[in-house]
Amino acid sequence: MKWNMILLAGALFSAFYVKAEEDSLGVIGDDLDLYAVLNAFKISDDIESFEKAINDPEAKISNLDLDENGEVDYLKVIDNSEGDVHALVIQVDVSETESQDVAVIELEKTGDENVTVQIVGDEDLYGADYIVEPLTDVVNVKSLHGATGLVINVWIWPSVRFIYGPKYVRWVSPWKFRSHPVWFKPWKPTTWRVYHTHNHRHHAYFHRATVRRCATAHALYRRHRVVSARVHHHPRYRGAQGHPHHTGGGREEMSVTVIDTDL
């Protein structure tokens, strides 16, 4: 019985790491789990608290070290917005003169109390079309014309209500390279497996998307995208650019369809 239990534990342990390897992108983006980032956005009261959450030394949502100084980078949040469309950019200052976009949370308001959200990883770090969206906030709706479709509505998220509230002022992080809030204490990056194990619980509530739901927000973001030449020399950069459809485990990345969610 004892040996059977040991063998069973070993099999479960091996199965966990096989699944973990499949979740690896094999690129820089492995060090910032966008599922965990989107969860932090979901439960934050405003954008300032969201920025604090993704940089919290206790939460360790990030494992990203783009400037390769042996410490996890500070993640800034910058809102590029036009009307009811928002592109919340997550960005790292890799030097005093260069910054690199890491990901963008895209928001579009499609009704009085209807907001769609997706988070998109920057192609230099995650490869092409790496999109994550909520799993539990997707509903099937029917329009007045009888057409049906899946729509994400995250109006109830506190951070979303704050952004679309009357007192919201466009958020631009005040912090710069080597100028961070006093509570931010950089930590050393861990191995990918340790980091992934710590954050994998968030994967139960979000999933990879095959449909781009926020086309207007994404177009807005592309006009403001910031990249750093320094990141192109990162040892894991070639994984993203040399193999734009690589997601680890021998799988091909999903193709993305753009849809109009205004039903």
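Read the figures in this text as sums done on the coordinates, not as results from a lab. Please read these numbers as outputs of a predicted model, since none were measured by experiment. As a convention, Cβ positions derive from the backbone with ideal geometry for all residues, glycine included, and neighbour counts pool all protein chains shown.
Odds and ends about this structure:
- Stretch gain in nm, segment Val182-Val226, where the contour uses 0.36 nm per residue and the Cα spacing is subtracted: 13.2 nm
- Maximal additional length on extending the Val172-Thr190 stretch stands at 3.6 nm, based on 0.36 nm per residue less the C-alpha distance.
- Label zone at Glu82 (point 7 Å along Cα-to-Cβ), backbone N below 17 Å, the range 92-114: 105-110
- Ordering of 202-212, 35-45, 186-196, 89-99 by burial proxy (mean other Cβ atoms within 10 Å per residue, highest first): 35-45, 89-99, 202-212, 186-196
- Computed label-point distance, nm, for sites Arg236 and Ala219 using a 7 Å Cα→Cβ extension: 3.4
- Pair Leu135, Ile43: separation of 7 Å Cα→Cβ label points (nm): 1.6
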